[in-house]
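Engineer: Got a structure for you, questions after.
The values are calculated or read from the model by the stated rules, or taken from the named source; none is laboratory data. As the structure is a prediction and not an experimental result, all values here were calculated from the model. Glycine also receives a Cβ, built like all others from the backbone with ideal geometry; neighbour counts cover every protein chain displayed. These area figures cover heavy atoms from the full protein model, side chains too; ligands, DNA and RNA do not enter into them. Shrake-Rupley method; radii C 1.70, N 1.55, O 1.52, S 1.80 Å.
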Amino acid sequence: MATVKFKTIDEYHAAFPADIQLLLDKMRVTIRQAVPGAAEVISYNMPAFRQHGVLVYYAANKAHIGFYPTASPMTVFAADLEQYNTSKGAIQFPLDKPLPVTLIKKIVKYRVQEDIEKAAAKKKKK
């Protein structure tokens, strides 16, 4: 069976059962509140938010919502992330627990700042 290539975040969310859609919608709204000016895109066939570069990705999985803020927030927010399964650039939020909205916003805002600094450094090089 061919993998569906999503074109929009709405399309991505619609591919899941209603209970998962609620979590995905909550994730989207939470990220949007933290970075209202970011563009919504599909990247690597997952919902993503970008400013100068991609800030964060998220995706529905069998037992969790995966949140992919890149590697640096994993060390910065290590203490806050102790209760979650994590890897180099990924956090797993279990489907049976509420999303940690405050933590997600803190991580997104951190990524926004990183993105701004990276863009400014790139501009300076030119």
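Engineer: Quick one: in the range 99-122, which of the residues that are more than 14 Å from the chain's Cα centre (by Cα) and of a type outside the set (D, E, K, R) is most open to solvent (accessible area, probe 1.4 Å)?
Structural biologist: Within the range 99-122, the match that is most open to solvent (accessible area, probe 1.4 Å) is GLN113.
Engineer: Oh, and also: For the range 1-50, which positions are within 23 Å of GLN113 (Cβ to Cβ), among the β-branched types (Val, Ile, Thr) and in contact (Cβ under 8 Å) with a residue 60 or more places away in the chain?
Structural biologist: THR30, ILE31, VAL35
Engineer: Turning to a different aspect of this structure: Out of everything in the range 62-76 that is open to solvent by 20 Å² or more (accessible area, probe 1.4 Å) and in a loop (DSSP other than H, G, I, E, B), what residue ends up being farthest from TYR12 (Cα to Cα)?
Structural biologist: Among those residues, the one meeting the criterion is ALA71.
Engineer: Collect the residues in the range 1-19 that are surrounded by fewer than 16 Cβ atoms within 10 Å (Cβ to Cβ) and either hydroxyl-bearing (Ser, Thr, Tyr) or under 21 Å from PHE93 (Cα atoms) (or both), keeping them in residue-number order.
Structural biologist: THR3, THR8, ASP10, ALA14, ALA15, PHE16, PRO17, ALA18, ASP19
Engineer: Of the conditions (1) at pLDDT 95 or above; (2) open to solvent by 70 Å² or more (accessible area, probe 1.4 Å); (3) within 23 Å of GLN21 (Cβ to Cβ), ASP96 fails just one. Which one is it?
Structural biologist: Going through the list (1) at pLDDT 95 or above; (2) open to solvent by 70 Å² or more (accessible area, probe 1.4 Å); (3) within 23 Å of GLN21 (Cβ to Cβ), ASP96 breaks only (1).
Engineer: Starting from residues that are among the charged types (D, E, K, R) and closer than 20 Å to PRO100 by Cβ, keep the ones in the range 20-44 and report whichever is least open to solvent (accessible area, probe 1.4 Å). So that I can check it myself, show each step before the final result.
Structural biologist: First pass over the range 20-44, keeping only residues among the charged types (D, E, K, R): 25-26, 28, 32, 40.
Within this subset, residues satisfying the condition of being closer than 20 Å to PRO100 by Cβ are 25-26, 28, 32.
Working: ASP25: 64, LYS26: 103, ARG28: 45, ARG32: 67 Å².
Once the filter is applied, the top-ranked residue is ARG28.
Engineer: Here's something else I'd like to know. Regarding the range 99-112, can at least one residue be identified that is in a loop (DSSP other than H, G, I, E, B) and either of a type outside the set (Gly, Ala, Ser) or without any contact (Cβ under 8 Å) to a residue 40 or more places away in the chain (or both)? Walk me through how you get there before you give the answer.
Structural biologist: Initially, the range 99-112 is screened for residues in a loop (DSSP other than H, G, I, E, B), giving 99-100.
Next cut, either of a type outside the set (Gly, Ala, Ser) or without any contact (Cβ under 8 Å) to a residue 40 or more places away in the chain (or both) only: 99-100.
Checked the range 99-112: at least one residue is in a loop (DSSP other than H, G, I, E, B) and either of a type outside the set (Gly, Ala, Ser) or without any contact (Cβ under 8 Å) to a residue 40 or more places away in the chain (or both).
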